[in-house]
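Okay, structure first, notes after.
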Amino acid sequence: MIIKDLPDAASWASVALDVLATEYPYGSGHTSLHRDDNDVTPALLHPSFHGALDWHSSAHMQWSLVRLLTLAGSDLDSAGLTSRVCGLLDQRLTSAAIGTEIAYLEQHPGFERPYGWAWAAMLAAAAAQCPVEGASAWADATADLAATVGERLLRFLPKLTHPVRHGVHSNTAFAMILCHQAFGELGRRDVVAAIEAKARSWFGTDTRLDTRTEPSGTDFLSSALCEAELMRRVLPAAEFDTWFAAALPDLGGDSAAAQASDHLLEVPGVSDQSDGQLAHLHGLALSRSWLLTELAGTLPAQSSRRRRMETAATAQYQATATVVVFGDFMATHWLVSFALLAATA
């Protein structure tokens, strides 16, 4: 499912602008280091990454804006949004503001690890590729942030003996997918090689992944699909085909047994989208759409397995598309980014 013309680009950009301008509610995630370290005023604590409820959502909604400028700039022009988008990014992605963010990461080594780190790297990579006037300043500022994340990753990965397999922010495979892509685009082969080596050690011998407990009640990621997508990016094609056949042999299959257990293809239900945790399941639909599309592309073009996975990916995307724009703030403050991943898979 590749939506080349991004028909919702202007709506998505408008949503991103609105949520990034929403100062409160804001969850700082701040750990006070001393008695006087208690000022959590969003724009003071995080001059680049405030708004959109929290640091990581602010980072990846700004990534969304940069990507929309790159992929659908004419749509944003037609909607009169380009100057607003560039104005916001000009304010947020300055050397001074990013410098404050880097200092914060240095003072709080575990802050936003690994999810926020990954989106910060993706933002830097997107800024480096953005063709609009003024993007070079965003790229220069965020390059230092990406360098900080890269060095932290190189120090952290050797310590992470076991991957985190939850379906939320701490999921290791999801963050490594984004970091592998971002640092590849940024030319950091050392970081890419470290990720590839760890992915092999974490997941290389996995067989018949147990998906029976997916999803948990607040998941926005599928642990199994994230793992498979990371391995798709890390392994040579032939080696991945063998790994995939062993790890998820029933995914999208035609047999009655396969279809009975194929809940990864189903659209998850959301009982209350105003609840920030329950609304995660909207994100699960979008991340499944993205991951199923990527993984289906490794299968023969005419295979029924591929068709079932692609059909499910489209259904999950379509079931969530309206919420991305018209949902409660607890959904709209972050879903654009996952819709964009799905739409460009």
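The values are calculated or read from the model by the stated rules, or taken from the named source; none is laboratory data. Predicted model only: the values in this text are computed from it and were never measured. All Cβ positions, glycine included, derive from the backbone under ideal geometry; neighbour counts span all protein chains shown.
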Looking only at segment 320-345, count every residue that is within 25 Å of D250 (Cβ to Cβ) and part of a loop (DSSP other than H, G, I, E, B) and tell me the total. 1
Looking only at residues in segment 204-231 that are part of a loop (DSSP other than H, G, I, E, B) and touching a residue at least 60 places away in the same chain (Cβ under 8 Å), which one is surrounded by the fewest Cβ atoms within 10 Å (Cβ to Cβ)? G217
A careful count of residues in segment 40-72 that are polar (S, T, N, Q), buried (at least 22 other Cβ atoms within 10 Å of the Cβ) and assigned to a loop (DSSP other than H, G, I, E, B) gives 1
Between a first residue in segment 120-138 that is surrounded by 16 or more Cβ atoms within 10 Å (Cβ to Cβ) and a second residue that is at pLDDT below 95 and not in a helix (DSSP H, G or I), which pairs have beta carbons less than 9 Å apart while being 6 or more apart in sequence or on different chains? none
Criterion violated by S83 - all others in (1) touching a residue at least 60 places away in the same chain (Cβ under 8 Å); (2) out of contact with any Leu (no Cβ under 9 Å at 6 or more places or on another chain) satisfied: (1)
Flagged in segment 261-319 as modelled with pLDDT of 95 or more, outside any helix (DSSP H, G or I), within 17 Å of F338 (Cβ to Cβ) and polar (S, T, N, Q), in numbering order, are Q277
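Every residue, every condition in (1) within 13 Å of W138 (Cβ to Cβ); (2) of a type outside the set (A, V, I, L, M, F, W, C); (3) touching a strand residue (DSSP E or B) at 6+ places or on another chain (Cβ under 8 Å), yes or no:
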{"position": "S32", "(1), (2), (3)": "no, yes, no"}
{"position": "Q62", "(1), (2), (3)": "yes, yes, no"}
{"position": "R67", "(1), (2), (3)": "yes, yes, no"}
{"position": "L88", "(1), (2), (3)": "yes, no, no"}
